[in-house]
Amino acid sequence: MASTPPHCSITASTKSYKNHQYPKNHFKNHQNNHRNHPLPRKFSLSNPLPSPCNAAKHTATAASASTVRAPLSQVSTPFPSLDPDFSGRRSTRFVSKMHLGRPKTSINTRHTSIAEEVLQLALHNALAGLESILVSFESKLSGSDDYTFLLRELGNRSEYEKAIKCFNFAVRRETRRTEQGKLATAMISILGRLGKVELARGIFHTALNEGYGKTVYAFSALISAFGRSGYCDEALKVFDSMKNYGLKPNLVIYNAVIDACGKGGLEFKRVVEIFDEMLRSGVQPDRITFNSLLAVCSRGGLWEAARNLFSEMVDRGIDRDIFTYNTFLDAVCKGGQMDLAFEIMAEMPAKNIFPNVITYSTMVDGYAKAGRFDDALNLFNEMKFLGIGLDRVSYNTLLSIYAKLGRFEEALDICREMEDSGMRRDVVTYNALLGGYGKQGKYDEVRALFDEMKAQKVSPNLLTYSTMIDVYSKGGLYDEAMDVFREFKWAGLKADVVLYSALIDALCKNGLVESAVSLLDEMTKEGIRPNVVTYNSIIDAFGRSATSEHAFDAGGIPESQADSSSSLVIKQCIHGKAVDREDNRIVKIFGQLAAEKGGQAKKDCGGKREILCILGIFQRMHELEIRPNVVTFSAILNACSRCDSFEDASMLLEELRLFDNQVYGVAYGLLMGYRENVWIQAQSLFDEVKLMDSSTASAFYNALTDMLWHFGQKRGAQLVVLEGKRRQVWDNVWSNSCLDLHLMSSGAARAMVHSWLLNIHSTVFEGHELPKLLR
């Protein structure tokens, strides 16, 4: 089942690089091929868009009536080489996301040549020998400047234990509190960058207790450290604790905490509350503040909020840089608004800001996710024409497109070109190839790639295992999926929403819907928030399935009781034992799937019970504020087309009304019979659907037509399929002598045949000759 971004509902809104000459007006030829972007609904801060994140709330004082609310309210050494955490990520993409011009939490210092000599000795000697090296050079080292250099360079090579030892040595010998504070800030920043947040916390508390850590820079460094690792709750605690030490947050602190909240997944509404508190405190935002706010929007695809922020920067007279544009574009692309994204990119040269490899990679990825692969490949050709070199992200994006298209020779050519450029295949490369081969059913290639990946010392990550389990499950290779899951647990990884969603989808596609619901409950109990894709799988299964599962021993339920009530299965999950039992249950799920593959019969399920299950799923989505997308609407319409009575379908359509009134208006209006005002509304809806990828759009047309045909509204069904034909939803579906129905659902195919035969009748009636062969 195709998917769209979680916030891409049908109708609801949910470094300076100038190393190439950029031809003026080079977008003009492109612009003629793009549609004008429809104006969205007005965005209001008082009703911010919901976020997919469930983070702890940060308490902020309510704004007073008089408050004016914002509209949105290195020196290197030749050896050893840098650690992969630094060398591998310092691509143009990494550098473009650095906050240029940001006040530093650690002071850039001038170091002496002695410090470089000490660094080489430290790198080539064991930890135990570092103390004697520092003692022997103590009189020659130039205070905190040299020590800060040593800390930074050791950190760059992940030699954090040596860095800590060097820090302790320097702090003991430094008598000035301000210099000790600088060293502490540098050490906290380095540990935070390496993900060693507990060590960073320890340095911070030691500095506080010994009297040299009570500075806004030390607090800012710890907030950033927590933010980098996604611990926004801890970052907020540090932020709140500043008041206990008599420190007033300044611009550096607010920027750090907003950035940390964005990286930690705090919902946009809470981040805006912090921004409002900042304004009430008299601290004026700068470009870094807005760039961090845009990054929050980017993570959630909140493109309207991002556009308001982007405009507010102009109102405040704040310059927008390449990072601003790239982050804004990322939010717009993730929101599925590709035509708007193209317009934004086209205006950049006029602002003397030139698209770089990050800009193009973001746009290409957006086009690829929208299924507009030709546009994506055209942009890659433009990059070559402009002489913009590809980075690792660009190569992986291009490779992923070819893999999705099943053009594996070209995908492997990209791999070779990437390796010729000095970039080895990484986990992202392998994940793209695994997913591509899997969608084409090339399971031998999937196995070979997975083995090659491990042989090349590329460690599979959570997405790798999720992809493998999803591929094998969809291919019916449940024993292989079980083996991958066992390897995943042996690797010590924790399941996330992607893995759970893959398992739930596999259960649903095999009719084991009650087990899918029980796994959904367990997923929530484990603190993993389901997303719209998770719920779409279950809704679609309820809509398509007329059967329930055979006895399934997930929690020791006797076979005779398995079909008595879904609540018993759910109850067993809720009261089950923690992780070990969860793992055992998932292994049993694969065993059950393998058994079902052997052809065991399934028991019939009552229609009313199925309807009640779907309504329960809708209720959960409302409670979690999960915004449905076009796939959700298609699944609901599919469920309606399988209802035995119009009464049951009306219950489902009522839920559709609560999700999206326009989709409900079109579906219900066409069910009630064709009216001109309904068809005008339908045209607007179809305009929005056309922006989706082709498989998602065709699925929606199929679902709507099926429902209309099922309830006898043949004229409405014919209008919908003819509109789909006119908008080229199905490629090459109709010619005078041929009708291609292989991408159509049953109802859509019957409506199309009916329309085609009527067209042939008209042709004969008008006296025209028919083709000699109709097929």
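A few remarks follow.
- Selected residue (only one of Gln681, Gln728 is surrounded by fewer than 23 Cβ atoms within 10 Å (Cβ to Cβ) and either assigned to a loop (DSSP other than H, G, I, E, B) or in contact with a strand residue (DSSP E or B) (Cβ under 7 Å, 6 or more places away or on another chain) (or both)): Gln728
- Among the candidates Glu267, Glu304, the residue that is among the charged types (D, E, K, R) and closer than 29 Å to Lys248 by Cβ is uniquely Glu267.
- Residues (modelled with pLDDT of 90 or more and open to solvent by 10 Å² or more (accessible area, probe 1.4 Å)) located in the stretch 334-343: Leu340, Glu343
- Of the residues making up the stretch 371-393, those that are under 24 Å from the mean Cα position of the chain (by Cα) and closer than 11 Å to Asn356 by Cα number 2.
- The single condition among (1) more than 21 Å from Tyr217 (Cα to Cα); (2) open to solvent by 20 Å² or more (accessible area, probe 1.4 Å); (3) basic (Lys, Arg) that Lys162 does not meet is (2).
- Meeting the requirement of 3 or more residues that are at pLDDT 85 or above and within 23 Å of Asn291 (Cα to Cα), the helices (runs of 4 or more DSSP H) wholly within the stretch 184-274 are 216-228, 232-241, 251-263.
- Test: residue in the stretch 202-210 that is of a type in the set (Phe, Trp, Tyr), within 22 Å of Ala163 (Cβ to Cβ) and either open to solvent by less than 10 Å² (accessible area, probe 1.4 Å) or within 33 Å of the chain's Cα centre (by Cα) (or both): yes
- Test: residue in the stretch 379-397 that is of a type outside the set (Asp, Glu), touching a His at 6+ places or on another chain (Cβ under 8 Å) and open to solvent by 20 Å² or more (accessible area, probe 1.4 Å): yes
- Number of the exception - Ser144 against (1) among the small types (Gly, Ala, Ser); (2) surrounded by fewer than 18 Cβ atoms within 10 Å (Cβ to Cβ); (3) at pLDDT below 85: (2)
- For the stretch 417-431, the set of residues classified as within 23 Å of Leu463 (Cα to Cα) and open to solvent by 20 Å² or more (accessible area, probe 1.4 Å) consists of Glu419, Met423, Arg424, Arg425, Asp426, Val427, Val428, listed by residue number.
- Put simply, of Leu741, Leu719 the only residue that is at pLDDT 80 or above, assigned to a loop (DSSP other than H, G, I, E, B), over 33 Å from the mean Cα position of the chain (by Cα) and closer than 27 Å to Ala370 by Cβ is Leu741.
- Within the stretch 399-416, considering residues that are aliphatic (A, V, I, L, M) and surrounded by fewer than 22 Cβ atoms within 10 Å (Cβ to Cβ), the one nearest to Leu449 (Cα to Cα): Leu412
- Among (1) part of a loop (DSSP other than H, G, I, E, B); (2) buried (at least 24 other Cβ atoms within 10 Å of the Cβ); (3) of a type in the set (Gly, Ala, Ser), the one test that Gly282 misses: (2)
- Phe686 closer than 27 Å to Ala376 by Cα, buried (at least 24 other Cβ atoms within 10 Å of the Cβ) and among the aromatic types (Phe, Trp, Tyr): no
- Counting only residues that are under 19 Å from Ala331 (Cβ atoms) and open to solvent by 20 Å² or more (accessible area, probe 1.4 Å), the stretch 347-374 holds 6 of them.
The values are calculated or read from the model by the stated rules, or taken from the named source; none is laboratory data. Because the structure is a prediction, the values reported are computed rather than measured. Neighbour counts run over all protein chains shown; Cβ positions are idealised from the backbone, glycine included. Remember, those area values only see protein heavy atoms, side chains included, never the ligands or the DNA or RNA. Shrake-Rupley method; radii C 1.70, N 1.55, O 1.52, S 1.80 Å.
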